[in-house]
Amino acid sequence: MIKQTKPQLLEETMVRQLIPLRKNDAHKGMFGSVAIIGGDTGMVGAVLLAARAALYCGAGRVYAAMLCNNAPSVDIYQPEIMLRLPLAISQLSQLDCIVIGPGLGQSIAAVNLLEYWLSQNMAMLLDADALNLIASHLHLASLVISRNAETVITPHAGEAARLLNTNTEHVQQNRIESALELARFLQVTCVLKGAGTICAQHDGSCFMNTTGNVGLASGGTGDVLSGIIGSLVAQGLTAMDAAKLGVYVHGVAADSLVKKSVGPIGMTASEVALEARNVLNALNAVTNH
């Protein structure tokens, strides 16, 4: 285990300057293209939540692909998202970041898809079932370790425990240590979700988030976080900067909703995604004032 270290706290003055610059004469191609892949049977919503969050947080183009046989051809609430078959995503030349894992499932098709993308030289965020597959298939873990492109993983305590071959209680009692060990072991940026989310880098740097509340303890909020971070990576941020800004904005969005009497009880992931857009714009307005 990596020796316990004291993380630097994430605060507004630190993350505000990370927001990508948007010039007046910009076009969508300048804000990156991100694809969300997952959505096995019964889990279509996970992909849609992540894709919508990516769209709200500024990605120029957002694609989504689902493994289920009856996948929708359009998101009727956000038709800006371009839905494709998984194979079609691999044929896109303009992608800047792949987010894979939300609702992915653990089928053979999921394993094959994950294996393909891990072999590509492209920035990637791994979440949910992608992490569970990596924990149970050694060759997938090896592919992660050997990647040249930047990689972000966003485990909750249970997923982190499986990756570390330990139990959830141990991870929760050693959150900083666990995040650093995962980052070093897999050679990634690790975002260990939970109260005081930890952003750890394989070089040993470590940050703790100061925002958020218990309203985030509901289904889909992790998918939203994946979409936010993936969107920021696609817009040109480094993996660590995208992680820091993403978790901070995600938490502030939840805090802002509580101030508006939306939660914490019954706060939904969809509400967090929309509020994240407001938070980013508010931070950007202060920066450019």
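Nothing in this text is a laboratory measurement; each read-out follows from the coordinates by a stated rule. This one's a predicted model, so the numbers in the text were calculated from it and none came from an experiment. Every residue, glycine as well, gets a Cβ built from its backbone with ideal geometry; the counts of neighbours run over all protein chains shown.
Observations on the model:
- First in the stretch 234-254 and on the phi > 0 side of the Ramachandran plot, second anywhere and outside any helix (DSSP H, G or I) and of a type outside the set (Phe, Trp, Tyr), Cβ under 7 Å, 6 or more apart: Gly236/Pro20; Gly236/Gly32
- The set of residues in the stretch 147-186 being under 23 Å from Thr238 (Cβ atoms) and hydroxyl-bearing (Ser, Thr, Tyr) consists of Thr151, Thr154, Ser178.
- Checked against the criteria, Tyr116 counts as of a type in the set (Ser, Thr, Tyr) and part of a helix (DSSP H, G or I).
- Here Ala59 fulfils each of the conditions (1) under 16 Å from Gly101 (Cβ atoms); (2) out of contact with any Leu (no Cβ under 6 Å at 6 or more places or on another chain); (3) outside any strand (DSSP E or B); (4) in contact (Cβ under 8 Å) with a residue 60 or more places away in the chain apart from (1).
- Annotation: of all residues in the stretch 129-187 being acidic (Asp, Glu) and more than 17 Å from the chain's Cα centre (by Cα), the one that is farthest from Leu104 (Cα to Cα) is Glu177.
- Subset of the stretch 78-88 [in a loop (DSSP other than H, G, I, E, B) and surrounded by 10 or more Cβ atoms within 10 Å (Cβ to Cβ)]: Gln78, Glu80, Ile81, Leu85
- Per the conditions (1) without any contact (Cβ under 8 Å) to a residue 12 or more places away in the chain; (2) in contact with a Cys (Cβ under 8 Å, 6 or more places away or on another chain), the sole criterion not satisfied by Val74 is (2).
- Among the residues making up the stretch 22-48, those that are among the hydrophobic types (A, V, I, L, M, F, W, C) and under 20 Å from Ala123 (Cα atoms) are Met30, Phe31, Val34, Ala35, Ile36, Ile37, Val47.
- Residue list for the stretch 264-277, filter: surrounded by 12 or more Cβ atoms within 10 Å (Cβ to Cβ), over 15 Å from Gly246 (Cβ atoms) and without any contact (Cβ under 8 Å) to a residue 60 or more places away in the chain: Pro264, Met267, Thr268, Glu271
- Here Ala161 does not qualify as in contact with a helix residue (DSSP H, G or I) (Cβ under 9 Å, 6 or more places away or on another chain) and either touching a residue at least 24 places away in the same chain (Cβ under 8 Å) or exposed (fewer than 15 other Cβ atoms within 10 Å of the Cβ) (or both).
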